[in-house]
Amino acid sequence: MKSKNKSEETKYIAKEARYENMTYKRSGKSGVLLPAISIGLWHNFGFVDDINNGRSILRTAFDLGITHFDLANNYGPPPGSAETNFGTIFKQDFKPYRDELFIATKAGYGMWPGPYGDFGSRKFLISSLDQSLKRMGLDYVDIFYHHRPDPNTPLEETMGALADIVRQGKALYAGISNYGPEETKKAAKLLMELKVPFILNQVRYSMFDRWVEDGLLDTLEVNGVGCIAFSPLAQGMLTDRYLKGIPENSRAGNESVFLNAETVNANINKIQRLNTIAEKRGQKLSQMAIAWILRQPQVASVLVGASSSNQLKENVKALDCLDFSEQELTLIEGIIRQSIP
């Protein structure tokens with residue numbers, strides 16, 4: 001299956017002032033600085049999507065100083081198509097800027113039939129990355145993640161594979177995703193012993209999903225590893241999309257596997273009250289939700305998806321107001337935990 005649309009051939013020249021307004025944060029104790037907001041290609045970059053729109057989003061991202069593009073082997077649909085489309089866009093627009101980009105991909109979810117196309121074996125991780133590099137037209141990625149813990153493969157094998165991938169020059173840094181505190185601690189120890197730069201754990205984190213605060217952020221701090229947060233807007237709940245109910249063409253309105261009407265209705269009161277605080281701060285709810293995550297010192301970057309360039313620009317405006325007063329934080333905490341009427 002091929003891309004739905006052929007990308008236009010207009011030459012892209014990045015804005016000279018692209019680094020003037022972006023905030024950059026250090027990832028753990030590494031030498032890597034990441035943009036406070038990074039662009040994720042989980043949605044809107046598959047063969048079912050308009051590649052010209054994806055191209056516009058990535059151009060806008062880089063012009064805004066977003067240097068980190070986040071992919072995975074299974075992003076699409078179909079799986080692999082986001083990397084293929086990115087490879088097309090990279091060749092046309094970003095090849096001259098390769099050294100200014102921090103490109104990520106991952107492996108850990110099912111990609112092909114049989115016993116070697118899923119989870120965390122050495123066989124799967126190395127084979128998957130080789131496929132990803134071919135799809136994207138890259139010699140290496142800046143960071144390669146194991147996408148999820150594998151309960152059946154020894155962690156030594158999985159981390160050993162990441163170490164060899166780095167030593168082979170196919171990735172500059174190693175990362176993990178969706179690992180809890182204990183798994184992260186063990187992974188960090190193994191990678192430290194292997195003398196491999198381990199710099200990020202990519203995890204789900206939002207005002208409505210705070211599991212990382214129960215030990216993981218502290219574990220990352222102790223081990224000098226950064227956190228990069230995905231789904232910061234709780235699949236769209238922390239936006240103005242659902243303030244007046246559930247639109248028919250929304251994710252919840254279509255009963256997506258990621259969000260349903262029941263979940264939105266259970267949180268609508270919180271959403272509306274949080275929006276009131278955001279308005280008083282001169283922000284949209286989505287912007288406040290991103291800023292709220294970035295206040296955590298362990299968080300190096302927040303991954304956002306975007307369906308348009310304008311949506312991405314709106315999200316980046318979160319950086320215009322990152323500070324919170326103690327009163328604001330108390331009010332937000334009370335609303336989230338429903339302890340303030």
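Quick note: the coordinates plus some simple rules give every number you see, no bench work behind them. What you are looking at is a predicted structure, and each value in this text was computed from that prediction instead of being measured. Using ideal geometry, Cβ is built from the backbone for each residue, glycine included, and neighbour counts are taken over all protein chains shown.
Values as computed for the structure displayed
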item: Over the chain: helical MRE at 222 nm, DSSP H runs n ≥ 4 each giving -39500 (n - 2.57), nearest 500; result: -11000 deg cm²/dmol
item: Potential extension, K29-E213 segment - 0.36 nm per residue separation minus Cα distance; result: 64.3 nm
item: Point-to-point label distance, R98-E328, nm (Cα→Cβ direction, 7 Å offset); result: 4.2 nm
item: Percent of C-alpha pairs per 5 Å bin, segment 138-200, short to long; result: 4, 19, 34, 26, 12, 4, 1
item: Among I89, P197, A261 the positive-end extreme of the charge dipole of the chain (Cβ point charges); result: I89
item: Per-pair calculated FRET efficiency, R0 = 41 Å: R122 and D50 via Cβ, rounded to 0.05; result: 0.65
item: Protection-proxy order for peptides 103-112, 126-135, each taking the mean of Cβ atoms within 10 Å per residue, highest first; result: 103-112, 126-135
item: Against the rule of thumb 2.2 N^0.38 Å, how large the Cα Rg of segment 118-245 comes out; result: 1.16
item: Burial ranking of peptide ranges 71-80, 42-51 (average Cβ count within 10 Å, highest at the top); result: 71-80, 42-51
item: The chain, relative contact order [Cα under 8 Å, separation at least 6], %; result: 17 percent
item: Prolate/oblate/rounded label for segment 55-202 (Cα gyration tensor, a/c 1.5); result: prolate
item: Top of K11, K25, K313 by mean-square fluctuation, Gaussian network on the chain, Cα under 10 Å; result: K11
item: √(5λ) per eigenvalue of the Cα gyration tensor, the chain, largest first, Å; result: 30, 25, 20
item: Lysines whose Cα lies under 21 Å from that of K270, excluding same-chain neighbours fewer than 8 positions away; result: K244, K280, K284
item: Compactness of segment 1-129 - radius of gyration and Dmax, Cα, Å; result: 15.8, 49
